[in-house]
Amino acid sequence: TYRFTQLALGNYRLTVRAVNAWGQQGDPASVSFRIAAPAAPSRIELTPGYFQITATPHLAVYDPTVQFEFWFSEKRITDIRQVETTARYLGTALYWIAASINIKPGHDYYFYVRSVNTVGKSAFVEAVGRASDDAEGYLDFFKGEIGKTHLAQELWTQIDNGQLAPDLAEIRTSITNVSNEITQTVNKKLEDQSAAIQQIQKVQVDTNNNLNSMWAVKLQQMKDGRLYIAGIGAGIENTPAGMQSQVLLAADRIAMINPANGNTKPMFVGQGD
């Protein structure tokens, strides 16, 4: 084995032949190779997602030694020479998922991608794309994200009337190693009907040793075997994506009314699905 070093960029032809102890030479074997910066991507495929865009570059001729540099900008860079000083460097890989709550539908986002190998880098190639604009899909996305939170699980948990006296008003305080909690409950039963109101204030430590805080008011009423629920909650949680604050409402109808101007007409109403 022989290692060549400090070869200049260019085209080369290497010829090798075997030589024995008496100086006799075998037939030569030759190979041609080129030392050069990689070719630029021939195209960049952008796949929209929910608050994200996936960029996948392609070469005209596959080269296993090539990876890609990814740069990102919310505005088009008219002078390609300004990419490194204007755009944000994402990283080097075979593809890149640019994901952020700030990547919103209806807005153009620009990727600047170039090929890289151990020798050099190609010119930049520009690609423009948008996040998904599937409204129903975003609702499903948020449903999944919200459902994972401690606040949502607390808000949707049914008040256990079976553990309550027929007529009750109480305040419970609980302080443990993992949570501090104050729960205030009011309950009333009348024949086949029951109603309960519960207010919860809780600070707790999750399984990842992160603090989470929440406040919630839940109202539930049972009539003819059917349960009706309304509630509002606010919370701050330390999630894998970072700190997340949220306010959740649970009701058949949600409306906003401004009483200051004497106008009882709601500013907006959301009802059902």
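The values are calculated or read from the model by the stated rules, or taken from the named source; none is laboratory data. Here the structure is a predicted model, which is why all the values come from computation and not from measurement. Cβ atoms come from the backbone with ideal geometry, glycine included; neighbour counts cover every protein chain shown.
Summary table below
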item	result
Per-region count, the range 121-136, residues assigned to a strand (DSSP E or B) and either without any contact (Cβ under 8 Å) to a residue 40 or more places away in the chain or touching a Leu at 6+ places or on another chain (Cβ under 9 Å) (or both)	3
Sole exception among (1) touching a Pro at 6+ places or on another chain (Cβ under 6 Å); (2) free of Cβ contacts under 8 Å to residues at least 40 places away in the same chain; (3) not charged (D, E, K, R) for Leu7, by number	(1)
Any hit, the range 21-35, residues being surrounded by 10 or more Cβ atoms within 10 Å (Cβ to Cβ), outside any helix (DSSP H, G or I) and in contact (Cβ under 8 Å) with a residue 40 or more places away in the chain	yes
The one condition in (1) in a loop (DSSP other than H, G, I, E, B); (2) farther than 28 Å from Tyr109 by Cβ that Asp63 fails to fulfil	(2)
Meets criteria (in contact with a Pro (Cβ under 7 Å, 6 or more places away or on another chain) and at negative phi) for Thr47	no
Residue in the range 209-228 that is modelled with pLDDT under 80, exposed (fewer than 14 other Cβ atoms within 10 Å of the Cβ), assigned by TED's automatic domain parsing to the domain that holds Gln153 and closer than 19 Å to Met243 by Cα present	no
Qualifying residue in the range 193-203 (condition: outside any strand (DSSP E or B), in the same structural domain as Gln153 (by TED's automatic domain parsing) and polar (S, T, N, Q))	no
Selection from the range 8-42 of residues that are out of contact with any strand residue (DSSP E or B) (no Cβ under 7 Å at 6 or more places or on another chain) and under 30 Å from Ala55 (Cβ atoms)	Ala36
